Amino acid sequence: QVQLVESGGGLVQAGDSLRLSCAASGLTFSSYAMGWFRQAPGKERDFVAAINWSGYSTYYADSVKGRFTCSRENAKNTVYLQMNSLKPEDTAVYYCAASTNRRGPNNSYEYDYWGQGTQVTVSS
């Protein structure tokens, strides 16, 4: 079955960096766009970033543009989220997701598979 497993979360200070990874199995990875979403306590799950099937196109939420970079290695079935200049408001559980819409949509309902999430906590 399809599995998406995130890793790389943790507790950091404001201004620090983290790199999240999401390893996929059970699907033809290069046939899927990949997305990152996050959910803070008491809030809805929000779009963070997406990357199309080839990796040539990326999309970002305004709140992370210029600080976060999404990339993928199709040979390793892995997508990454490099997060720089982290802020306390970036604190959330981060989820990766896979979509058959190969362009890389920014809405959660277009994603077919989800990981279990990884906690990112940024202290001030």
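With all protein chains present, how much of the accessible area of the chain (probe radius 1.4 Å) comes from carbon and sulfur, to the nearest whole percent? Spell out each step's value before the answer.
Numbers: 2770 of 6250 Å².
For the chain, the apolar C and S fraction of the accessible surface comes to 44 percent.
Between Ala40 and Ser54, the distance separating the two model label sites (each 7 Å from Cα on the Cα→Cβ line) works out to 3.6 nm. For the peptides 28-34, 48-54, residues were scored by their other Cβ atoms within 10 Å and the scores averaged per peptide; the highest-first order is 48-54, 28-34.
State the extension gain, in nm to one decimal, for the chain segment bounded by Ser30 and Lys87, taking 0.36 nm per residue of separation less the distance between their alpha-carbons. Spell out each step's value before the answer.
Working: separation 57, 0.36 × 57 = 20.52 nm, distance 3.19 nm.
Fully extending the segment from Ser30 to Lys87 adds 17.3 nm.
Database note for the chain: Cys without another Cys beta carbon under 4.7 angstrom, Cys70.
For Thr121 and Lys76, what does the FRET efficiency come to when R0 = 30 Å and r is the distance between their Cβ atoms, rounded to the nearest 0.05? The partial results should precede the final answer.
Details: r = 27 Å, r/R0 = 0.90.
Taking R0 as 30 Å, the efficiency between Thr121 and Lys76 is 0.65.
Within the range 1-77, the proportion of C-alpha pairs whose separation exceeds 14 Å stands at 67%.
Using +1 on the beta carbon of Lys and Arg, -1 on that of Asp and Glu, and nothing else charged, what's the dipole of the chain about the Cα centre, debye to 20? Don't skip to the end; give the middle numbers.
Details: 11 positive and 10 negative charges, 42 e Å.
Using only the charged Cβ atoms, the result is roughly 200 debye.
Note on the chain: with a GNM built from Cα contacts shorter than 10 Å, the maximum mean-square fluctuation among Gly55, Gly26, Gly104 falls on Gly26. What the chain shows is 50 Å² of accessible area per residue, with the surface traced by a 1.4 Å probe over protein heavy atoms. Among residues other than Val122 with Cβ under 10 Å from its Cβ, the summed charge is -2 (Lys and Arg +1, Asp and Glu -1).
Normalising by the residue count of the chain, find the relative contact order in percent from Cα pairs under 8 Å and 6+ residues apart. Each step should come with its number before you reach the end.
Working: 328 pairs, mean separation 44.3, N = 124.
Relative contact order comes out at 36 percent.
Distances between placed amide hydrogens fall under 5 Å for Arg72 paired with Tyr80, all partners being 5 or more residues away or on another chain.
Apply 1/(1 + (r/R0)^6) to the Cβ-Cβ distance of Gln13 and Thr100, taking R0 = 30 Å, and write down the FRET efficiency to the nearest 0.05. It would help to have the intermediate numbers written out before the result.
On the way: r = 38 Å, r/R0 = 1.28.
My answer for the efficiency is 0.20.
The values are calculated or read from the model by the stated rules, or taken from the named source; none is laboratory data. The structure displayed is predicted, hence computed values, not measured ones. Please note: Cβ atoms are built from the backbone with ideal geometry, for glycine as well, and neighbour counts cover all protein chains shown. For accessibility, only protein heavy atoms count, side chains too; no ligands or nucleic acids. Shrake-Rupley method; radii C 1.70, N 1.55, O 1.52, S 1.80 Å.
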